Ligand code: DQA
């Protein structure tokens, strides 16, 4: 099973960026934590980061055969309709993660245009949210795969 781990704009500077909000872990550290947890599930992780919406869309389209994706779209979550459409077209399982609790922040962050096309959304749990998303996604995908083979 293969899961895409996608990070949107400004998540490449995690660790230095407002650590009081986003924590002190770097993106590479989070990716490694997810990779290790995925290994326990017997799942392979394909990490990707871009500051550009179109590049993320290209990546999702290229990797369309993956079983699932976990994405923190950064601020694109609030206005990225093209990204939303690309995620909607992706056939696998989809989880959105936000490190911060966006519902407790500025009003523009409380509108998530990507969230309605997801299977689940995790926010406010910091780096742990990525592991929570993976721990929910993998059994969900396994369950779907089992249902598909049933007559
Ligand atoms: C974020 C929340 C977004 O509002 C913000 O633009 C980010 C990070 C989060 O992980 O909490 O870049 O997605």
By how many degrees, 0 to 90 and rounded to 10, does the Cα axis of helix 27-41 deviate from the longest principal axis of the chain? 20
For the chain, give the share of DSSP beta bridges that are antiparallel, in percent and rounded to the nearest 5; count only bridges with both residues there. 0
Report, in degrees rounded to the nearest 10, the 0 to 90 angle that the Cα long axis of helix 128-149 makes with the longest principal axis of the chain. 20
If one takes the longest principal axis of the Cα atoms in the chain, at what angle in degrees, from 0 to 90 and to the nearest 10, does the Cα axis of helix 53-62 lie? 10
Helix-only mean residue ellipticity at 222 nm, the chain, DSSP H runs n ≥ 4 weighted -39,500 (n - 2.57), per residue, nearest 500. What is it? -12500 deg cm²/dmol
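Read-outs: derived from the displayed coordinates by stated rules, not from any lab. The shown structure was predicted, so the numbers you read here are calculated from the model rather than taken from an experiment.
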